[in-house]
Structure formats: C-alpha cells, structure tokens
C-alpha cells in the first residue's frame with residue numbers, strides 16, 4: 001500500500017515537472033506571472049467539475065464542515081498566498097533565487113513532521129534531505145550562482161513560499177477520509193477566488209485571448225494541476241511518512257531540467273547533471289529508510 005502511495009507521489013512530481021514548459025509558453029504569449037498562477041487553479045477548478053460528475057456524480061461535491069475548513073486553509077494558504085509569495089519573490093530576486101528559496105520546503109516538512117507527527121529524523125534521513133536540497137539547487141542554477149540576487153522582501157517572500165508549499169503536505173495528511181478530487185476542487189475554488197481578489201487577472205487575459213492561449217492554459221490546468229494534485233492527494237491517503245513526501249516529489253526538478261535541455265535547448269552542464277544525480281540519489285535513500293516513530 002505504501003509503495004503504491006510513494007509511486008503516486010513520484011507521478012505527481014513528474015507531472016509537476018511540466019510546469020515550466022507551460023509557464024514558458026504562456027510567458028512568451030505575454031501572460032503575467034500572477035495571471036498564470038490564477039489560470040492554473042481556476043482552470044483546474046473548471047476541469048474538475050465534469051470530471052467529478054462523470055466519476056461519482058454530485059456526491060463527490062459533498063463535504064462536511066471540517067473538510068470545508070481544511071479546503072479553505074489549503075486554498076488561501078497553500079494556493080493563493082503561496083502563489084502570491086512566490087510571484088513576489090520572483091519579481092524582487094529573480095527566478096533562480098526564488099527557486100532556491102522554494103526548495104527549503106523539504107526542511108520545513110521534516111521539522112513539522114517531527115513536531116506534529118512524531119516522525120523519527122535519523123542520520124540517513126538528514127543526509128538524504130541535505131543531498132536533496134543541494135541537488136535541487138544545482139539542478140535549478142546549473143552551478144551558476146552569479147544570477148543569485150538578494151533583497152529582504154524577496155528573500156522573505158521566497159522563504160514564505162517554501163513554508164507554505166511545505167504546509168500543503170502537512171495539512172493534506174488530515175484529509176484521508178475525503179475523496180482526493182473533492183479536496184482538490186474546493187481548495188482550488190477558494191484559492192481562485194482569493195487570487196482573483198488579490199491580483200485581478202481579467203485585463204491580462206482579455207489582452208492575449210486566442211485559440212493557442214486557450215489550448216496552453218487548458219493543458220496547464222489539466223496536466224501539472226488536476227493530474228498532479230490528484231496523484232499527490234491519492235498518495236498521501238496511503239498513510240505515508242510525511243517527511244519523505246517532498247523529497248520524492250522533488251523528481252519535479254529532474255523532469256523540469258530534462259524538458260529544458262530537450263525542448264528549450266538549455267545547456268546540460270556538469271553541475272546540472274550532478275544536481276540531477278543528487279536528487280535521484282536522495283529519493284533512493286529516502287525509500288531505503290524503514291518507517292519509525294519518534295519516541296514520545
């Protein structure tokens with residue numbers, strides 16, 4: 001059961017790895033980063049409606065008060081505020097620095113898993129975590145740190161994005177009793193509403209509206225959004241070790257790097273390849289650790 005769960009987390013990470021592909025296409029069309037974030041979860045919400053009706057009918061839209069409150073937290077914190085913080089970090093310190101700060105998320109998950117779920121943090125897990133963070137940074141930067149920029153606001157926004165990204169894993173572990181699509185739908189819905197209020201996207205969307213934009217936006221809403229979150233939530237429902245989840249999902253950086261090399265003709269430097277190897281090694285190390293609970 002747990003092996004199946006970790007496999008689903010891996011698939012989710014692979015699908016998340018296509019985010020850069022869709023973002024690059026939308027950016028070339030002139031779509032703003034905040035609008036891109038809104039498009040992702042709002043279109044994901046719309047795509048989910050016919051999908052849920054076909055899979056389970058109206059009953060998939062039924063949710064109790066506890067589940068609704070959880071979805072509000074996920075939508076506001078882990079969708080809207082996360083995307084707002086990450087976009088703010090990118091605007092102040094650039095994509096490379098913001099990405100590096102975002103990959104502090106496994107550290108946050110590890111700490112919160114110890115505090116809330118009493119998961120054991122052994123030497124091997126700490127080593128795998130360190131290898132993962134280093135590998136993610138090398139994969140993103142290619143070993144070129146000259147593009148790293150700093151501002152107090154940008155750094156704070158980047159770390160906040162990393163924390164909110166980690167918080168999604170922690171909060172989502174409390175949703176096992178609900179269907180994954182139900183949780184995803186309501187969290188996307190509340191996140192979309194919040195983003196529409198925080199950064200109104202209507203003018204930007206009307207400016208670039210055409211068939212190619214619709215196809216790219218629909219693909220963005222389907223593949224690295226509905227598809228990835230479905231496998232992610234389904235995997236979490238298998239009672240996994242929470243601290244392992246973000247490390248396994250970090251296969252996203254490997255897939256993103258492969259896409260950038262194969263499709264966008266980016267250089268496959270030695271440091272980037274070393275980073276990819278580190279991420280893969282950290283995933284293998286995490287899967288070798290036997291689950292143990294920390295002593296109370």
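Just so it is clear, none of the values below were taken in a lab; they were calculated from the coordinates. This is a predicted model, so every value here is computed, not measured. Neighbour counts run over all protein chains shown; Cβ positions are idealised from the backbone, glycine included.
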Burial-style ranking of 101-109, 6-14, average other-beta-carbon count within 10 Å with highest first, yields 101-109, 6-14
Considering Cα pairs under 8 angstrom that are at least six residues apart, work out the relative contact order of the chain and quote it in whole percent.
-> 43 percent
Kirkwood-based Rg/Rh on the Cα set of the range 166-245 evaluates to 1.06
What's the center-to-center distance, using Cα atoms, between the range 1-77 and the range 231-256 in Å?
-> 15 Å
Calculated Rg and Dmax of the range 125-214 using C-alpha coordinates, Å = 18.5, 49
Rounded, prolate or oblate (a/c below 1.5 giving rounded, otherwise prolate when a/b exceeds b/c) for the range 65-207 by Cα gyration tensor = oblate
The chain - convex hull of the alpha-carbon atoms, volume per residue in Å³ = 134 Å³
